[in-house]
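Novice: Mind having a look at this structure? Questions to follow.
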Amino acid sequence: CDSSCATCNGATNTDCLSCPNLKFLFQKQCLDNCPIGTFPDANRICQSCSDVQCAACSNSGLNSCTSCRVGSFLFNGQCTANCPQG
């Protein structure tokens, strides 16, 4: 295994099956943080947010966005193109 992996199925840093403590698994790599648009599940695996406009989310469910990508606005856990009236 590459030294960045806890377990793996190959010798490179893109062959990880699990990560050491305090790291997150994303697309077979161990990272310090989950990338934008993903969140860590209970097993420290980065999962995709359900709304593609989410920059961060708390889970994969509806209304789970905690921040939005540039150009979108957060309202009631969803990213919208415009702020609602009022």
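Novice: Of the heavy-atom accessible surface of the chain (probe 1.4 angstrom), what whole percent is carbon and sulfur?
Specialist: Roughly 51 percent of what the probe reaches on the chain is carbon or sulfur.
Novice: At a 1.4 Å probe radius, which order do 75, 39 fall into by accessible area, largest first?
Specialist: Ranked list, largest accessible area first: 75, 39.
Novice: Multiplying the sequence separation of residue 33 and residue 12 by 0.36 nm and subtracting their Cα-Cα distance, what value in nm do you get?
Specialist: Using 0.36 nm per residue and subtracting the Cα-Cα distance, I get 5.6 nm.
Novice: How would the range 40-86 be classified by its alpha-carbon gyration tensor: rounded, prolate or oblate, with rounded meaning a/c under 1.5 and the a/b versus b/c comparison settling the rest? Mind showing how you got there, number by number?
Specialist: Details: a/c = 3.32, a/b = 2.31, b/c = 1.44.
It comes out prolate by the Cα gyration axes.
Novice: Could I ask something else about it? Relative contact order (percent) for the chain, with alpha-carbon contacts under 8 angstrom and 6 or more residues of separation?
Specialist: Computed over the chain, the figure is 14 percent.
Novice: Given +1 on the Cβ of Lys and Arg, -1 on the Cβ of Asp and Glu, and no further charges, what dipole in debye does the chain carry about its Cα centre, rounded to the nearest 20?
Specialist: Approximately 80 debye in magnitude.
The values are calculated or read from the model by the stated rules, or taken from the named source; none is laboratory data. Here the structure is a predicted model, which means the values were calculated and not measured. Positions of Cβ are backbone-derived with ideal geometry, glycine not excepted, and every protein chain shown enters the neighbour counts. When the accessible area is computed, the model is the full protein with side chains, heavy atoms only, and any ligands, DNA or RNA have been set aside. Shrake-Rupley method; radii C 1.70, N 1.55, O 1.52, S 1.80 Å.
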